[in-house]
1. Kindly check whether there is at least one residue in the stretch 92-106 that is within 21 Å of Y157 (Cβ to Cβ), among the polar types (S, T, N, Q) and either under 19 Å from the mean Cα position of the chain (by Cα) or open to solvent by 60 Å² or more (accessible area, probe 1.4 Å) (or both).
2. What's the total number of residues in the stretch 1-43 that are without any contact (Cβ under 8 Å) to a residue 40 or more places away in the chain, over 16 Å from the mean Cα position of the chain (by Cα) and part of a loop (DSSP other than H, G, I, E, B)?
3. What's the number of the condition N11 fails, among (1) open to solvent by less than 40 Å² (accessible area, probe 1.4 Å); (2) at pLDDT below 95?
4. Using the structure shown, decide if G210 is open to solvent by less than 40 Å² (accessible area, probe 1.4 Å), outside any strand (DSSP E or B) and within 30 Å of L55 (Cα to Cα).
5. Please indicate, with yes or no, whether at least one residue in the stretch 197-205 is crowded, with 16+ Cβ neighbours inside 10 Å, of a type outside the set (D, E), modelled with pLDDT of 95 or more and assigned to a loop (DSSP other than H, G, I, E, B).
6. State yes or no: is A84 aliphatic (A, V, I, L, M) and in a loop (DSSP other than H, G, I, E, B)?
7. Would it be correct to say that G154 is out of contact with any helix residue (DSSP H, G or I) (no Cβ under 7 Å at 6 or more places or on another chain) and either β-branched (V, I, T) or in a strand (DSSP E or B) (or both)?
8. When you go through (1) free of Cβ contacts under 8 Å to residues at least 24 places away in the same chain; (2) at negative phi; (3) open to solvent by 20 Å² or more (accessible area, probe 1.4 Å) one by one for R139, which number turns out not to apply?
Amino acid sequence: MKIYLASGNLNKKREFSEILKGHEIVTPKDEGIEFNPEETGSDFYENSLIKAKALYQIVKQPVIADDSGICVSALAGRPGIFSARYAGPSFPHGLKDGTKISQDEQNRFLIQELNDELRNHPEKEESYTKENGFFNGPRSAHYSCAMVLYAGNGRLYVVQETMEGSLIEDIKDARGNGGFGYDPIFFLPDIGKTAAELTSDEKNAISHRGKAMRALLKMTDGIIK
C-alpha cells in the first residue's frame with residue numbers, strides 16, 4: 001500500500017519503511033510536492049496534526065505524520081518540540097534567523113545545559129524521583145512521538161508514545177553510528193547502550209516511533225492494509 005508521510009526527513013522515512021515493511025512510504029519530495037508547513041503547535045500532537053492536514057489537502061489520501069523530540073526531565077522537558085531547532089540554553093527555541101546548528105553542536109549544548117542545571121541547583125536533587133517522572137535518576141530523559149493518521153473529513157487517529165532513558169555525562173561518551181538526532185547521547189540503562197548503538201530492528205522494537213506506529217496500526221480499522 002502507498003502511504004503518504006508528511007515529512008521531508010529521510011531518516012524518518014527510513015524508519016517508517018523498516019517498521020511498515022511491505023508498504024511504499026512516500027514523502028512530498030518524492031512526488032515533487034513543495035511542503036513546509038509552519039509548525040505552530042504547542043505540543044507534539046498539535047504539530048503532527050498540522051503536518052498531516054496540510055499534506056492531506058494536497059494529496060487527498062490518508063496521511064501519516066509524526067512530531068517527535070527529546071525531553072530532558074531536569075530541564076522541564078526541554079528541548080521538546082524544539083528539538084530540531086534547539087541551539088543551546090541561550091536559544092532553546094532555535095536561532096532567530098531560522099538557521100540550524102549542527103547535530104554535534106546540539107548534542108554538546110544539551111549535555112552542557114543539563115550538567116549546568118544539576119551543578120547549579122543541587123537542592124533539587126531530592127525531587128528527582130520516579131514519582132516526579134525521573135525514571136532514570138537526575139539525568140532522566142525521554143523521546144516522545146505523537147503520531148497522527150489523518151483520513152479527511154475530521155477522521156483521524158492519534159497515539160503518543162515514549163522511549164525512556166538518560167543523557168550521558170560527557171560528549172566524549174557519545175557512542176554509536178546508527179539512528180539519528182540525539183541518539184548517540186541518549187543512553188538506555190536497561191540495555192547498556194545508546195540508541196545509536198542499536199540495530200534498526202532493536203531500535204524499532206522499543207523506540208517511541210516504533211511503539212506509536214504499531215499502536216496506530218491496531219486502531220486504524222483497515223485504513224492501512
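The values are calculated or read from the model by the stated rules, or taken from the named source; none is laboratory data. Please read these numbers as outputs of a predicted model, since none were measured by experiment. As a convention, Cβ positions derive from the backbone with ideal geometry for all residues, glycine included, and neighbour counts pool all protein chains shown. In case anyone asks, the SASA skips ligands and DNA or RNA and just uses the protein heavy atoms, side chains included. Shrake-Rupley method; radii C 1.70, N 1.55, O 1.52, S 1.80 Å.
1. Narrowing the stretch 92-106 to residues within 21 Å of Y157 (Cβ to Cβ): none.
No: the stretch 92-106 contains no residue that is within 21 Å of Y157 (Cβ to Cβ), among the polar types (S, T, N, Q) and either under 19 Å from the mean Cα position of the chain (by Cα) or open to solvent by 60 Å² or more (accessible area, probe 1.4 Å) (or both).
2. Number satisfying all stated conditions: 11.
3. It fails just one condition, (1).
4. Numbers: open to solvent by less than 40 Å² (accessible area, probe 1.4 Å): yes; outside any strand (DSSP E or B): yes; within 30 Å of L55 (Cα to Cα): yes.
For G210, the condition - open to solvent by less than 40 Å² (accessible area, probe 1.4 Å), outside any strand (DSSP E or B) and within 30 Å of L55 (Cα to Cα) - is met.
5. yes
6. Details: aliphatic (A, V, I, L, M): yes; in a loop (DSSP other than H, G, I, E, B): yes.
When the stated conditions are applied, A84 passes them.
7. When the stated conditions are applied, G154 does not pass them.
8. Going through the list (1) free of Cβ contacts under 8 Å to residues at least 24 places away in the same chain; (2) at negative phi; (3) open to solvent by 20 Å² or more (accessible area, probe 1.4 Å), R139 breaks only (1).
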